[in-house]
Amino acid sequence: MTARYRNRTDAGRRLAARLRQYADRPGVVVLALPRGGVPVAFDVAEALHAPLDVFVVRKLGLPAHPELAIGAIASGGIRIVDEAALRRFGVTDEQLAAVAAGEERELARRERQYRDGLPSPDVTGKTVILIDDGLATGATMAAAATALRAQHPARLVVAVPVAAAETCEAFQRLVDEVICGATPEPFHAVGLWYEDFSQTSDDEVRDLLARARLAEARSDAREERSDG
């Protein structure tokens, strides 16, 4: 049986060990899917000495059962919809539009709250490591990967502590590299593989991003002094 992670911090430290080849390399950017991906990505970015930012994605849930994904939206106007699921559950265009409108408002709110007016990172020509706390269906991560592909990164890596095996395999066709820390069978749900899977708050996200930006500013200042 696959050992569970203590919490997202433990998962981030263990995932960082799988990403050692990207440490101290120029042009590497770590992007987290908020909220749960941020504490995982914080420890990865710290270990790799890479800048950390967020990439906001929202799941589109089935109207009667919001926990079931029928698609996702991401920054940049990207929308991915599971057409087979729409047909299977009889979701109308009007229902889909209502769900999407609500999630678009929440996406915009999170962009404002997490960025403090800062622009989205320029990933063109960069190595992007895209992180979440786990993958079940992978709908939100697929939306993020599609949106980021349009910005022409040099390399796009998806890294998660735990994932359903079939989802991990499917991402091999979407991105340049996939790192799944564990692919337990049977999988059931991401939260089962954490001892503590409590919800990450907006305040925690803001705090971790602020700490990461401060560390990056200090690193840049040290480099400037050494160059001088």
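Annotations
- Of the candidates Ala150, Ala221, Ala189, Ala170, the single residue that is surrounded by fewer than 19 Cβ atoms within 10 Å (Cβ to Cβ), over 29 Å from Glu67 (Cα atoms) and not charged (D, E, K, R) is Ala221.
- Verdict on Arg79 being surrounded by fewer than 21 Cβ atoms within 10 Å (Cβ to Cβ), outside any helix (DSSP H, G or I) and modelled with pLDDT of 90 or more: no
- Condition broken by Lys59, with the remaining ones in (1) part of a loop (DSSP other than H, G, I, E, B); (2) within 21 Å of Arg149 (Cβ to Cβ); (3) among the basic types (Lys, Arg) satisfied: (1)
- Condition check for Ile129: touching a residue at least 40 places away in the same chain (Cβ under 8 Å), part of a strand (DSSP E or B), surrounded by 15 or more Cβ atoms within 10 Å (Cβ to Cβ) and in contact with a Phe, Trp or Tyr (Cβ under 9 Å, 6 or more places away or on another chain): yes
- Residue in region 51-62 that is crowded, with 18+ Cβ neighbours inside 10 Å, in contact (Cβ under 8 Å) with a residue 40 or more places away in the chain and out of contact with any Leu (no Cβ under 8 Å at 6 or more places or on another chain) present: yes
- Scope region 175-196; condition more than 20 Å from Arg18 (Cα to Cα) and within 16 Å of the chain's Cα centre (by Cα); matching residues: Gly191
- Within region 188-215, the residues that satisfy the criterion of being among the β-branched types (Val, Ile, Thr) and touching a Gly at 6+ places or on another chain (Cβ under 6 Å) are Val190, Thr200.
- Of all residues in region 1-23, those that are modelled with pLDDT of 95 or more, not in a helix (DSSP H, G or I) and not aromatic (Phe, Trp, Tyr) total 4.
- The residue list Ala101, Ala145 contains one member that is farther than 27 Å from Val28 by Cα, of a type outside the set (Ser, Thr, Tyr), assigned to a helix (DSSP H, G or I) and at pLDDT 90 or above, which is Ala101.
- Selected residue (criterion: farthest from the chain's Cα centre (by Cα)) from residues of region 104-132 that are modelled with pLDDT of 95 or more and aliphatic (A, V, I, L, M): Val128
- Scanning region 24-53 for residues that are outside any loop (DSSP other than H, G, I, E, B), touching a Ser or Thr at 6+ places or on another chain (Cβ under 9 Å) and either modelled with pLDDT under 95 or acidic (Asp, Glu) (or both) yields a count of 2.
- Test: residue in region 55-62 that is within 15 Å of Ala143 (Cβ to Cβ) and more than 20 Å from the chain's Cα centre (by Cα): no
- Residue count for region 169-199 under the criterion of being assigned to a loop (DSSP other than H, G, I, E, B) and of a type in the set (Gly, Ala, Ser): the result is 4.
Residue by residue, here is whether (1) within 12 Å of the chain's Cα centre (by Cα); (2) farther than 15 Å from Ala139 by Cα holds:
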| residue | (1), (2) |
| --- | --- |
| Ala16 | no, yes |
| Val30 | yes, yes |
| Pro34 | yes, no |
| Asp43 | no, yes |
| Glu46 | no, yes |
| Pro66 | no, no |
| Ile78 | no, no |
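- Residue within region 197-217 that is touching a Cys at 6+ places or on another chain (Cβ under 8 Å), among the polar types (S, T, N, Q) and under 23 Å from Lys59 (Cα atoms) present: no
The values are calculated or read from the model by the stated rules, or taken from the named source; none is laboratory data. It should be emphasised that the depicted structure is a prediction, and the values quoted were computed from it without experimental measurement. Cβ sites come from the backbone with ideal geometry, for glycine too, and all protein chains shown count toward neighbours.
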